[in-house]
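Scroll down for the structure; my scribbles are underneath it.
The values are calculated or read from the model by the stated rules, or taken from the named source; none is laboratory data. Worth saying up front: this structure is predicted, and the values here are computed from it rather than measured. Here the Cβ is made from the backbone with ideal geometry for all residues, glycine too, and neighbour counts use every protein chain on show. To get the accessible areas, we keep the full protein, side chains included, count just its heavy atoms, and leave off ligands, DNA and RNA. Shrake-Rupley method; radii C 1.70, N 1.55, O 1.52, S 1.80 Å.
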Amino acid sequence: MGKVIAVAGKGGVGKTTLCGLLIQYLCESGKKPVLAVDADANSNLNEVLGVEPGLTLGEIREEIERAGMDTSYKIPAGMTKAAYLEMRMNDAVAEEEDFDLMVMGRSQGQGCYCFVNGLVQTQVQRLQSSYPYVVVDNEAGLEHISRGILPNMDLAILVSDCSRRGVQAAGRIARLMEEMHISPQKQGLIINRAPGGQLDPGTLEEVQKQGLKLWGVVPHDDLVYRFDCDGRPTVQLPQDSPVRRALKEIVEKLEL
């Protein structure tokens, strides 16, 4: 079975950026193909990777929900909804040269994401054996963990910025995983966007208070912000980018 790597943290800490660079690192290290999973309803991992998303799981949900009520959504005659769903789920994986991308997306209008979350879990379990690595960019916060979307993960990467609130959020995610008996083989914290690549003593104190294992620190880089403003994929950062170098050093220590 392929190893499942889950990336989680509060919103705005740069976890999707690090997730994209991690996927690129794995591919360049010969650990391909990688299944990249954007498990956030507000999907943007594809922008970091510089690819167009294909059919999303949210869109499949709409097809199933509206079949029989809207003439623009039709299930072929003689096919059950279950069979149609399985067929369409095969279409929800966009194939790239070194990785494949599956996007959760969102349902339209009102309603919860329970069904779409279930599709994410089903797809990861179904496809896991076809890839050496599955990298999942989780939505911000605790919901995906609390719903047990990824009950089996090999590596849990918690991401925070330099704020105490970010580290506290990572600590809450770690405790929730423990309460739910989710026990990845490795679990640790990466601090992102640190000025000069250095942690403030107060932030380090909070890391220790939360009982988190600090895997490394990624420095703030204005070029990442510039790429985002210009609409350029983060994976196109130059090889000597301090962000790219720092993440590479961290991942190499994890011996994936």
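Taking region 54-64 as the search range and keeping residues that are closer than 21 Å to residue 8 by Cα and not small (Gly, Ala, Ser), which one is most open to solvent (accessible area, probe 1.4 Å)?
Top of the filtered list is 56.
Of the numbered conditions (1) open to solvent by 70 Å² or more (accessible area, probe 1.4 Å); (2) closer than 25 Å to residue 49 by Cα, residue 213 satisfies every one except a single condition; which is it?
(2)
Can you name the condition, by its number, that residue 252 falls short on among (1) under 18 Å from residue 13 (Cβ atoms); (2) open to solvent by 20 Å² or more (accessible area, probe 1.4 Å)?
Of everything listed in (1) under 18 Å from residue 13 (Cβ atoms); (2) open to solvent by 20 Å² or more (accessible area, probe 1.4 Å), residue 252 misses just condition (1).
Give region 80-95 a look and list any residue that's closer than 20 Å to residue 26 by Cβ and buried (at least 17 other Cβ atoms within 10 Å of the Cβ), or say none. First the steps, then the outcome.
Looking only at region 80-95, we keep the residues that are closer than 20 Å to residue 26 by Cβ, and these are 93-95.
Once the filter is applied, which keeps residues that are closer than 20 Å to residue 26 by Cβ and buried (at least 17 other Cβ atoms within 10 Å of the Cβ), region 80-95 yields 93, 94.
Does region 27-34 contain any residue that is of a type in the set (S, T, N, Q) and assigned to a helix (DSSP H, G or I)? It would help to see each step written out before you state the result.
Taking region 27-34 as the starting set, the residues that turn out to be of a type in the set (S, T, N, Q) are 29.
Subsequent filtering for residues that are assigned to a helix (DSSP H, G or I) retains none.
Scanning region 27-34 turns up no residue that is of a type in the set (S, T, N, Q) and assigned to a helix (DSSP H, G or I).
Could you check region 107-120 and list, in sequence order, the residues that are surrounded by 17 or more Cβ atoms within 10 Å (Cβ to Cβ) and either at pLDDT 90 or above or of a type outside the set (A, V, I, L, M, F, W, C) (or both)?
107, 113, 117
Of everything in region 1-49, what is open to solvent by less than 10 Å² (accessible area, probe 1.4 Å) and of a type in the set (D, E, K, R)? Give them in sequence order.
Of everything in region 1-49, just one residue is open to solvent by less than 10 Å² (accessible area, probe 1.4 Å) and of a type in the set (D, E, K, R), namely 38.
Within region 149-204, track down each residue that is of a type outside the set (A, V, I, L, M), assigned to a helix (DSSP H, G or I) and touching a strand residue (DSSP E or B) at 6+ places or on another chain (Cβ under 6 Å).
From region 149-204, those of a type outside the set (A, V, I, L, M) are 151-152, 154, 160-166, 168, 171-172, 175, 178-179, 181, 183-188, 192-193, 195-198, 200-203; that's our starting set.
Next cut, assigned to a helix (DSSP H, G or I) only: 164-166, 168, 171-172, 175, 178-179, 195-197, 201-203.
Once the filter is applied, which keeps residues that are of a type outside the set (A, V, I, L, M), assigned to a helix (DSSP H, G or I) and touching a strand residue (DSSP E or B) at 6+ places or on another chain (Cβ under 6 Å), region 149-204 yields 166, 197.
Just for region 216-249: of the residues that are free of Cβ contacts under 8 Å to residues at least 12 places away in the same chain and not in a loop (DSSP other than H, G, I, E, B), which one is surrounded by the most Cβ atoms within 10 Å (Cβ to Cβ)?
Across region 216-249, the extreme among qualifying residues is 227.
Going through 233, 238 one at a time, which residue ends up being modelled with pLDDT of 95 or more and within 21 Å of the chain's Cα centre (by Cα)?
On inspection, the qualifying residue turns out to be 233.
Based on this model, can you work out whether residue 55 counts as at pLDDT 80 or above and outside any loop (DSSP other than H, G, I, E, B)?
No; evaluated as a whole, the condition is false for this residue.
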